[in-house]
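Data first, discussion second: the structure below is written as structure tokens.
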Amino acid sequence: MADGVPATGLQLRSLITDKARLEVTLVETAVPAPRDDQVVVKVLATPVNPSDLGLLWGAADMTTAQLSTRDGQPLVTADVPPAGMRAMAGRLGEAMAVGNEGAGLVIAAGASPAAQALLGKMVAMLGGSMYAQYRCLRVTECLALPDGTAAADGASCFVNPLTALSMTEVMRREGHQALVHTAAASNLGQMLVKICAKDAIPLVNIVRTPAQADLLRAIGAVHVADSSQPDFLETLTAMLVETGATLAFDAIGGGKLAGQLLSCMEAAAVKRMTTYSRYGSDSFKQVYVYGALDTGPTTLNRNFGFSWAIGGFLLTPFLVKIGPEAVQALKDRVVAELTTTFASHYTHEVSLTDALRPAVFAAYNKRATGEKYLICPHR
């Protein structure tokens, strides 16, 4: 092992046992020597994203969570209900490392020129297992950050920025002229507001409280519809008429909202029709569900004609689809606008140990808009 690189480091692991129990703890894992095309990174910051929580807690009932210790480290256990066990069948008995992305300092590098070029650099990382003190990664899983970049600024370089940029890419590639986004006051939603303002893309933002609406308007959002208001559907329809949006990205998932989006898009399209059709408008309407803030069933009230689709959206397959050149262009834009368009704001910074304290995980499990946690593994 290179000088200054320890033999082991702590890593957070999540296990579902065949006894219907969740076990989450910290374990000492070996830090491998990097191969030619790899680097070893000291992880300095890694965010808690909604996409991380599904792997972290699985389908456990966290109201049953208990904290104890194992080998001197915190151990969180919880019951997994029968329905959850069916969903978790593919991961039983496997202690899985958690954390999609992060940032840190390259402290060892393989022999390749690309790896050596990163030595001593601050990098953003994508490749999983980031809730750890050290990560050994391929060079292609790292993004060199400008000199002087703080780890916190680079920790969320991938998931939210690339997802927000991908939404506008989908819009262009599928021939839509405007977007709708739900849970729009999130960090991702605020990035999307800035992207669309810079790129002159009409954007309809759906929020759930007046305070969230005020927040978005303060950063330049033009069209903001508050789902808590009694005239929400009328307001949304009017905004769809004005913008012509026929594409929506829904972070909520469950409940009525996806169907309401299609219904309001159809109502807006009908207003533009000059002749009646019993089949509804021929305006194609698309809703992509990319989140699960509501884990209940998605309810559709079929009053939006026949020209529509609803589907899932996942970042990684989309990036594979558009190819490495297009992906690199997106990454280059993220780096260029890292502290402006793509700035992430964290309300809490915690250690790996703190992340397993009941009061802390109860807070970040709420996925509250405006509340974002950053794990600092060497804190």
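The values are calculated or read from the model by the stated rules, or taken from the named source; none is laboratory data. Model, not experiment: these values are computed from the prediction. Methodologically, a virtual Cβ is constructed for each residue, glycine included, from the backbone with ideal geometry; neighbour enumeration extends over all protein chains shown. These area figures cover heavy atoms from the full protein model, side chains too; ligands, DNA and RNA do not enter into them. Shrake-Rupley method; radii C 1.70, N 1.55, O 1.52, S 1.80 Å.
Listed by first and then second residue, the pairs linking a residue in the stretch 342-361 that is free of Cβ contacts under 8 Å to residues at least 40 places away in the same chain to a residue that is open to solvent by 60 Å² or more (accessible area, probe 1.4 Å), with Cβ atoms under 7 Å apart and 6 or more places separating them unless they lie on different chains, are THR347/GLU371; SER351/ARG379. Looking at the stretch 333-340, can you tell me whether even one residue there is in a helix (DSSP H, G or I), of a type in the set (A, V, I, L, M, F, W, C) and open to solvent by less than 30 Å² (accessible area, probe 1.4 Å)? Within the stretch 333-340, one or more residues are in a helix (DSSP H, G or I), of a type in the set (A, V, I, L, M, F, W, C) and open to solvent by less than 30 Å² (accessible area, probe 1.4 Å).
You will find that of SER281, SER277, the residue that is crowded, with 18+ Cβ neighbours inside 10 Å, without any contact (Cβ under 8 Å) to a residue 40 or more places away in the chain and part of a loop (DSSP other than H, G, I, E, B) is SER281 and no other. Kindly evaluate THR8 against the criterion of being open to solvent by 20 Å² or more (accessible area, probe 1.4 Å) and either over 30 Å from ILE107 (Cα atoms) or without any contact (Cβ under 8 Å) to a residue 40 or more places away in the chain (or both). Yes, satisfied.
Suppose the filter is of a type in the set (A, V, I, L, M), touching a Gly at 6+ places or on another chain (Cβ under 8 Å), under 28 Å from LEU56 (Cβ atoms) and open to solvent by less than 70 Å² (accessible area, probe 1.4 Å); does LEU300 pass it? Talk me through it step by step, then tell me what you get.
Values: of a type in the set (A, V, I, L, M): yes; touching a Gly at 6+ places or on another chain (Cβ under 8 Å): yes; under 28 Å from LEU56 (Cβ atoms): no; open to solvent by less than 70 Å² (accessible area, probe 1.4 Å): yes.
Taking the combined requirement at face value, the residue does not satisfy it.
Here GLY220 meets the list (1) crowded, with 22+ Cβ neighbours inside 10 Å; (2) part of a loop (DSSP other than H, G, I, E, B) almost entirely, failing just condition (1). Considering (1) within 23 Å of ASP354 (Cα to Cα); (2) crowded, with 19+ Cβ neighbours inside 10 Å; (3) touching a Gly at 6+ places or on another chain (Cβ under 8 Å), the lone condition that GLY102 does not fulfil carries the number (3).
In the stretch 151-172, what residues are open to solvent by 20 Å² or more (accessible area, probe 1.4 Å), touching a residue at least 40 places away in the same chain (Cβ under 8 Å) and farther than 18 Å from SER186 by Cα? GLU169, the sole residue that qualifies.
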